[in-house]
Amino acid sequence: MNRKDLLGLSELSAGEIDEILTLGLTMKDRLRKNQKTLTDLKGKSVTTLFYENSTRTRCSFELAAKYLGAHVVNISAAASSVTKGETLIDTGKTLDAMKNDFIIIRHPMGGAPKLLAKTVKAHVVSAGDGMNEHPTQALLDMLTMREHFGKISGLKVAILGDIRHSRVAKSNLYGLKKMGAEVTVFAPRTLMPAGLDKMGAKVCRSREEAVEDADAVMGLRIQLERQKGGNFPSLGEYAEFYGVNEEIMKHAKKNAIVMHPGPVNRGVELTCGLIDGDVSRIEDQVLSGVAIRMAVLKLLTEKNQ
Ligand code: CP
């Protein structure tokens, strides 16, 4: 991966994704052996710059950087000079002046990481930008599938939920198609964007059609913060007519797994039985998240020394 920044999976080749996943598997092994005092990022500084809330992504980037031996600083926009009117570019230049090496940015505006990457010396890694992409989420999802099934090519992955507002769905679609998986999607019409078929997804008219013979079924969070409402009558009706439940899972392959990027609205996108049951890989996705972020940080550092 010979690049300064990681901004989205649309710009990565299958070879680059494979390189990240291969190193991610090694990192996951190390985490399972409790190896948390590595030195790959010794002497480097990593700043997380989050303009939106996060639990998984921010914590896992922080832990990934610390496990690799880096210094870590966390900035949330609400507690920074952004509230005094400082621009994104000036914030980046300020961090550059402090000899910071990485900026991990989450921003409500699609394209903000790219704008920052053009103007700072530090490596920029997108931790999710608006409705555009969430590249490390898709990488950790693919790592989870690759470890579970031993491959990605040939898998059938069904993605159900609020696809219109989902950066996770878009990054997964880019990544999974490049790695040779088949992707089906289903959402209420109000939450289905145009053009997914042109991106290689099979757009389905029912949950049953989307999940038929799937190896992995991914529920997506309803992004209430990105919509004014009116896209479905109530959360209860959403769960009944669009959610993933045990009956719907009968259409998937016998050994199919259930995934969700989190945070999950319990009983809405997935039933509690599925979230907490044997088919769920949700906790494993969280471990994959630390591993994949370790892999991304290490590869960006190595290729630019
Ligand atoms: N999946 C995900 O991005 O979760 P957080 O919002 O908690 O980071």
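When restricted to residues that are surrounded by fewer than 15 Cβ atoms within 10 Å (Cβ to Cβ) and over 25 Å from Asp284 (Cα atoms), the range 36-72 contains 2. Candidates are the residues of the range 56-92 that are within 16 Å of the ligand (Cβ to nearest atom), more than 21 Å from Lys118 (Cβ to Cβ) and at pLDDT below 95; the one that is farthest from the chain's Cα centre (by Cα) is Ala78. Of all residues in the range 110-121, those satisfying the criterion of being more than 16 Å from the ligand (Cβ to nearest atom) and without any contact (Cβ under 8 Å) to a residue 60 or more places away in the chain are Gly111, Leu115, Leu116, Lys118, Thr119, Val120, Lys121. Does at least one position in the range 202-209 carry a residue that is closer than 21 Å to Ile257 by Cβ, crowded, with 23+ Cβ neighbours inside 10 Å and not polar (S, T, N, Q)? No: zero hits. Summed over the range 176-196, residues that are modelled with pLDDT under 95, part of a loop (DSSP other than H, G, I, E, B) and surrounded by fewer than 14 Cβ atoms within 10 Å (Cβ to Cβ) total 2.
Could you tell me which numbered condition Leu95 fails, if it satisfies all but one of (1) within 16 Å of the ligand (Cβ to nearest atom); (2) over 24 Å from Met218 (Cα atoms)? Result: Leu95 passes all but (1).
Note on the range 226-305: enclosed helices (runs of 4 or more DSSP H) holding 2 or more residues that are β-branched (Val, Ile, Thr) and surrounded by 17 or more Cβ atoms within 10 Å (Cβ to Cβ) are 282-302. If you check Gly262, Gly289, Gly219, Gly200 for being more than 16 Å from the ligand (Cβ to nearest atom) and of a type outside the set (Lys, Arg), only one passes: Gly200.
Of these, Arg205, Arg293, which one is touching a residue at least 24 places away in the same chain (Cβ under 8 Å) and of a type in the set (D, E, K, R)?
Arg293
Look at the range 41-59: where a residue is in contact (Cβ under 8 Å) with a residue 60 or more places away in the chain and a partner is part of a loop (DSSP other than H, G, I, E, B) and within 7 Å of the ligand (Cβ to nearest atom), sitting 6+ places away or on another chain with Cβ atoms under 9 Å, you get Thr48/Ser54; Thr55/Gly262; Thr55/Pro263; Arg56/Pro261; Arg56/Gly262; Arg56/Pro263; Thr57/His134.
Residues that are more than 15 Å from Gly219 (Cα to Cα) and polar (S, T, N, Q) occur at least once in the range 183-192.
Determine whether Val124 is more than 16 Å from the ligand (Cβ to nearest atom), at pLDDT below 95 and buried (at least 17 other Cβ atoms within 10 Å of the Cβ). Spelling it out, it is not the case that Val124 is more than 16 Å from the ligand (Cβ to nearest atom), at pLDDT below 95 and buried (at least 17 other Cβ atoms within 10 Å of the Cβ).
The values are calculated or read from the model by the stated rules, or taken from the named source; none is laboratory data. All of these numbers come straight from a predicted model, not from anything done at the bench. A quick note on method: Cβ atoms are made from the backbone with ideal geometry, for glycine too, and the neighbour counts reach across all protein chains shown.
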